[in-house]
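The values are calculated or read from the model by the stated rules, or taken from the named source; none is laboratory data. Small disclaimer: the values here were computed from a predicted structure and weren't measured. Please note: Cβ atoms are built from the backbone with ideal geometry, for glycine as well, and neighbour counts cover all protein chains shown. What goes into the accessible areas is simple: the full protein's heavy atoms, side chains included, and nothing from ligands, DNA or RNA. Shrake-Rupley method; radii C 1.70, N 1.55, O 1.52, S 1.80 Å.
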Amino acid sequence: MTGPTTDAGSRDGVAAELPWRVLPDYQCFGCSPANERGLRLQFRHTPDGGLTCALTFDRTFESYPGVVHGGMSATVCDEIMGNLLVLRLGVSVFTTSMRTRYVEPLAIGATYHCTASTDAVAGDNGPYTAHAQITDAAGQAVVFVTGSYQPITPEQAKARMAMSDDEARLVDQALSALRTD
């Protein structure tokens, strides 16, 4: 397998339906189930309004022998935080900054959980802040991340994401269904 193994049923909560699923050729490196070289992350809602996912990296993502490359854990955290904001707010966002603190390296073959949270609510103008952490099997946090995200309009999303008019319309409809304001 080229991505980490995920266990969508490892935590209580409902599977998160990402708005990008409406695109016929959705290839996100982090969360597309169709990207054979990607992470194929599967998110679940947490009872407190966050998102979580389980992951186990294989040697495809190795840095030093037996150690997951630090960029992969940062990527997982960015994916979960950005998607949490999209799902909560119903708007597309782009990462503007991330601060990452590594407590210890992730081991190849070990199972971890990544959980994201935010205080952002619908109607906020942004930029938004979200937090993520990766915990080991014992529940000890091994990576902490804080990210800042800028909302973008549907027109900006279409231009920056190189979507056709039809694709932009599909994504905007999926995002509109998430908005509560």
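Please tell me if residue 77 is in contact with a strand residue (DSSP E or B) (Cβ under 8 Å, 6 or more places away or on another chain), of a type outside the set (Ser, Thr, Tyr) and part of a strand (DSSP E or B).
Here the answer is no, as residue 77 does not meet what is asked.
For the stretch 142-175, what are the residues that are out of contact with any Pro (no Cβ under 9 Å at 6 or more places or on another chain) and either assigned to a loop (DSSP other than H, G, I, E, B) or polar (S, T, N, Q) (or both)?
146, 153, 156, 161, 162, 163, 164
Only one of these conditions is not met by residue 32: (1) modelled with pLDDT of 85 or more; (2) surrounded by 15 or more Cβ atoms within 10 Å (Cβ to Cβ). Which number is it?
Unmet condition: (1).
Going through the stretch 126-136 one residue at a time, which ones are of a type outside the set (Gly, Ala, Ser), over 21 Å from residue 72 (Cβ atoms) and assigned to a loop (DSSP other than H, G, I, E, B)?
Selection gives 127 alone.
Hey, could you check the stretch 160-181 for residues that are open to solvent by 80 Å² or more (accessible area, probe 1.4 Å) and of a type in the set (A, V, I, L, M, F, W, C) and say which is farthest from residue 90 (Cα to Cα)?
This residue is 162.
Can you go through 123, 139 and tell me which one is at pLDDT 95 or above, outside any helix (DSSP H, G or I) and either closer than 17 Å to residue 85 by Cα or open to solvent by less than 70 Å² (accessible area, probe 1.4 Å) (or both)?
Result: 139 is the single residue among 123, 139 that is at pLDDT 95 or above, outside any helix (DSSP H, G or I) and either closer than 17 Å to residue 85 by Cα or open to solvent by less than 70 Å² (accessible area, probe 1.4 Å) (or both).
Would you check which residues across the stretch 98-120 are farther than 28 Å from residue 60 by Cβ, open to solvent by less than 70 Å² (accessible area, probe 1.4 Å) and not β-branched (Val, Ile, Thr) and list them?
Once the filter is applied, which keeps residues that are farther than 28 Å from residue 60 by Cβ, open to solvent by less than 70 Å² (accessible area, probe 1.4 Å) and not β-branched (Val, Ile, Thr), the stretch 98-120 yields 117, 120.
List the pairs whose first member sits in the stretch 161-175 and is under 14 Å from residue 24 (Cα atoms), whose second member is open to solvent by 20 Å² or more (accessible area, probe 1.4 Å), and whose Cβ atoms are under 6 Å apart, counting only residues at least 6 apart or on separate chains?
Listed by first residue and then by second, the contacts come to 167/23; 168/158; 170/22; 174/22.
Please work out if residue 119 is acidic (Asp, Glu), under 23 Å from residue 172 (Cα atoms) and over 16 Å from the mean Cα position of the chain (by Cα).
Judged against the criteria, residue 119 is not a match.
Sort through 109, 49 and tell me the only one that's in a loop (DSSP other than H, G, I, E, B), closer than 30 Å to residue 168 by Cα and of a type outside the set (A, V, I, L, M).
Residue meeting the stated conditions: 49.
So if I check each of 66, 71, 50, 82, which one is surrounded by fewer than 21 Cβ atoms within 10 Å (Cβ to Cβ) and closer than 30 Å to residue 119 by Cβ?
Being surrounded by fewer than 21 Cβ atoms within 10 Å (Cβ to Cβ) and closer than 30 Å to residue 119 by Cβ holds for just one of 66, 71, 50, 82, which is 71.
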